[in-house]
1. Quickly run through region 270-293 and pick out the residues that are in a strand (DSSP E or B) and surrounded by fewer than 22 Cβ atoms within 10 Å (Cβ to Cβ).
2. Only one residue in LEU20, LEU89, LEU36 is modelled with pLDDT of 95 or more, part of a helix (DSSP H, G or I) and either touching a Lys or Arg at 6+ places or on another chain (Cβ under 8 Å) or within 15 Å of the ligand (Cβ to nearest atom) (or both), so which one is that?
3. For region 221-275, name all the residues that are modelled with pLDDT of 95 or more and among the basic types (Lys, Arg).
4. Test THR105 against the stated conditions and say whether it is surrounded by fewer than 18 Cβ atoms within 10 Å (Cβ to Cβ), polar (S, T, N, Q), farther than 13 Å from VAL47 by Cα and more than 17 Å from the chain's Cα centre (by Cα).
5. Taking region 249-268 only, how many residues are within 16 Å of the ligand (Cβ to nearest atom) and without any contact (Cβ under 8 Å) to a residue 40 or more places away in the chain?
Amino acid sequence: MTGRQRACLAEALCAGYGLLDRGAASLDAVEAAIRLLEASGLFNAGVGARLQLDGTRRMDASIMEGAGLKAGAVAGIEQVRHPISAARLVMERTDHVLLVGAPATDFAKHFQLARQARPTPEQRRALRADIRRIGKQTGAAGTVRLFKALARNRKPGLETVGAVALDRAGTVAAGASTGGIALMLPGRVGDTPLIGCGCYADDGAGAVSMTGIGEGIIRLAMAKAITDRLASGKPPADSVRHVLRQLGSRIRGQAGALVLAPDGRFAIRHNTPHMMAGSWDGRGKPTVRDRFP
Ligand code: GLY
């Protein structure tokens, strides 16, 4: 973790907690913290989002609150600085949960959400270098070869951003935002915009936000699996450890989770070498680390 990433995470924690301290809703705190991370360009979300293999930046985000189980999400959205705010608008201004692709981008434009610049020449050059490394592939057989090459070349990307929060009213919220994973096929969608996979929030159980390789997270519906264990009375650390063990043993997947119970107990756990994350309850200074037990 770089010093700038550490400072940015601390700033996001302060911004989120500051809102809660002034009586704001957990949903506001989650959105504010994630917006800061998206704007930083230091993580794989918003301004810093990865490019898919065709050179286009398509992003995913979701947000959920635990009082009314309301949720919103966008997938494959383009040219939007804050996909998390587009997700919140889907939740609050439509009867739907998930909008995808060009219509999601049009929806964000309709609400005049801030636009983001197109990928820089440097980002495109980096992608071309990656593609050269795995070799140009064409046709159906080429697609299969590409999948295999991608699986060999992909390093776990853990820079999806997310947040969970608990407000004074006892409502929990969770959100996540991502540019996906390295060397994605165009059109690939990961766990982040899928409610129950990338995030989940229920006042009767808790809030969970996931990071890691989405394919494994989806196959275990990890955010919901963890909240189900919370609902059955298991502590946050036990709940997340159990589901991470399943991910490792059944799927050989890699992920990390932010887990918050409605009584304020929380856990940050991962089965990856590192996970940049932190927490703050207003006492002392925010804790930010890149490894959790
Ligand atoms: N967890 C982010 C993704 O797989 O897209």
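The values are calculated or read from the model by the stated rules, or taken from the named source; none is laboratory data. Predicted model, so just to flag it, every value in this text is computed and none were measured. Note that we place each Cβ from the backbone using ideal geometry, even for glycine, and neighbour counts take in every protein chain shown.
1. GLY278, SER279, THR287, VAL288, ARG289 - these are the residues of region 270-293 that are in a strand (DSSP E or B) and surrounded by fewer than 22 Cβ atoms within 10 Å (Cβ to Cβ).
2. Sole residue among the options that is modelled with pLDDT of 95 or more, part of a helix (DSSP H, G or I) and either touching a Lys or Arg at 6+ places or on another chain (Cβ under 8 Å) or within 15 Å of the ligand (Cβ to nearest atom) (or both): LEU20.
3. LYS224, ARG229, LYS234, ARG241, ARG245, ARG250, ARG265, ARG269 - these are the residues of region 221-275 that are modelled with pLDDT of 95 or more and among the basic types (Lys, Arg).
4. no
5. 3
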